[in-house]
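The values are calculated or read from the model by the stated rules, or taken from the named source; none is laboratory data. Just so it is clear, the structure is predicted and the values come from calculations on it, not from any experiment. Neighbour counts are summed over all protein chains in view; Cβ atoms, including those assigned to glycine, are modelled from backbone coordinates with ideal geometry.
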Amino acid sequence: MSEKEYWKTKWDKREIEEANDFARRSFSQIKDKNFKTLLDLGCGDGRDSLFFASEGLNVTSIDFSESGIKKLNELIKEKGLKINAIQTDIRKINFPDNSFDVIYAHLSLHYFDDEITTQIFDKLSRILKKDGLIFIKCKSVEDALYGKGEKVGKDMYKKGHIRHFFSEEYMREKLRNFKILEVRKTSSVYHQYESNFIEAVGTKT
Ligand SMILES: C[S@@+](CC[C@H](N)C(=O)[O-])C[C@H]1O[C@@H](n2cnc3c(N)ncnc32)[C@H](O)[C@@H]1O
């Protein structure tokens with residue numbers, strides 16, 4: 001099964017959940033700035049997009065999952081929020097330079113090999129506005145799922161779907177075109193399991 005196929009129907013039956021804690025913590029760092037536009041990469045059914053839009057941001061949400069974007073579009077209609085939900089592949093995004101004040105990616109940039117990951121991060125540095133902020137959270141090499149399933153690349157394993165586990169050093173390396181404000185390890189319960197993550201905040205100078 002392809003990765004796109006795996007995610008295609010993933011959001012069909014799920015009840016929409018509350019915004020992720022990472023979204024709330026990210027928002028606390030942007031709420032006092034005069035930011036207007038936010039790109040939510042790999043938004044799923046848009047739980048965090050809905051939160052950011054309800055706080056007044058003009059949100060663009062990207063995901064290649066048919067069920068995720070369909071559900072988000074239904075919720076946008078229902079709630080009358082300002083969200084542009086686009087069903088597309090993160091690898092294919094093509095916004096003009098300096099398009100967004102904020103780029104947000106919650107567990108959506110840890111699916112690609114090193115070459116593609118580098119390309120995506122470099123593209124993000126182009127489309128973020130000067131003085132904008134980028135918030136990224138990925139599974140860490142210290143996560144319990146690391147090493148489980150079929151090894152498909154360096155720090156990459158396929159168990160159900162592919163995950164590319166990040167170290168702090170790797171996150172820093174990928175953010176080479178940003179000014180790094182913070183990279184840190186976090187842990188929390190995710191889908192009922194204690195999980196380990198790398199979180200990063202960067203800006204463009
Ligand atoms: C773990 S979920 C996170 C969803 C959402 N950010 C959240 O936290 O609720 C990962 C999401 O990334 C999306 N995704 C994975 N690879 C993608 C790709 N190449 N292009 C677009 N979306 C992708 C999946 O469809 C899925 O919705």
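Given the criterion touching a residue at least 40 places away in the same chain (Cβ under 8 Å) and away from the ligand (no atom under 14 Å from the Cβ), identify the matching residue among GLU173, GLU142, GLU150, GLU168. The conditions single out GLU142. Filtering GLU3, GLU66 for residues that are touching a helix residue (DSSP H, G or I) at 6+ places or on another chain (Cβ under 9 Å), over 19 Å from LEU124 (Cα atoms) and surrounded by 13 or more Cβ atoms within 10 Å (Cβ to Cβ) leaves a single hit, GLU66. Using the structure shown, decide if ILE198 is within 29 Å of THR37 (Cβ to Cβ), touching a helix residue (DSSP H, G or I) at 6+ places or on another chain (Cβ under 6 Å) and surrounded by 22 or more Cβ atoms within 10 Å (Cβ to Cβ). Judged against the criteria, ILE198 is a match.
Among (1) within 16 Å of the ligand (Cβ to nearest atom); (2) outside any loop (DSSP other than H, G, I, E, B), there is one condition PHE95 misses while meeting the rest; what is its number? The failed condition is (2).
Scanning the stretch 30-59 for residues that are exposed (fewer than 15 other Cβ atoms within 10 Å of the Cβ) and either among the polar types (S, T, N, Q) or under 13 Å from the mean Cα position of the chain (by Cα) (or both) yields a total of 2. Comparison of LYS130, LYS70 shows that the only residue that is modelled with pLDDT of 95 or more and within 16 Å of the ligand (Cβ to nearest atom) is LYS70. Does any residue of the stretch 32-44 turn out to be under 19 Å from SER99 (Cα atoms), of a type in the set (D, E, K, R), in contact (Cβ under 8 Å) with a residue 60 or more places away in the chain and within 12 Å of the ligand (Cβ to nearest atom)? Yes, the stretch 32-44 contains a residue that is under 19 Å from SER99 (Cα atoms), of a type in the set (D, E, K, R), in contact (Cβ under 8 Å) with a residue 60 or more places away in the chain and within 12 Å of the ligand (Cβ to nearest atom).
The residue of the stretch 1-28 that is nearest to the ligand (Cβ to nearest atom), among those that are touching a Phe, Trp or Tyr at 6+ places or on another chain (Cβ under 8 Å) and touching a residue at least 40 places away in the same chain (Cβ under 8 Å), is TRP7.
Any residue at all in the stretch 100-109 that's over 14 Å from VAL59 (Cα atoms) and either among the acidic types (Asp, Glu) or away from the ligand (no atom under 15 Å from the Cβ) (or both)? Within the stretch 100-109 (the criterion being over 14 Å from VAL59 (Cα atoms) and either among the acidic types (Asp, Glu) or away from the ligand (no atom under 15 Å from the Cβ) (or both)), the answer is no, since none of the residues qualifies. For the stretch 77-98, the criterion of being farther than 21 Å from TYR6 by Cβ, crowded, with 22+ Cβ neighbours inside 10 Å and in contact with a strand residue (DSSP E or B) (Cβ under 9 Å, 6 or more places away or on another chain) is met by at least one residue.
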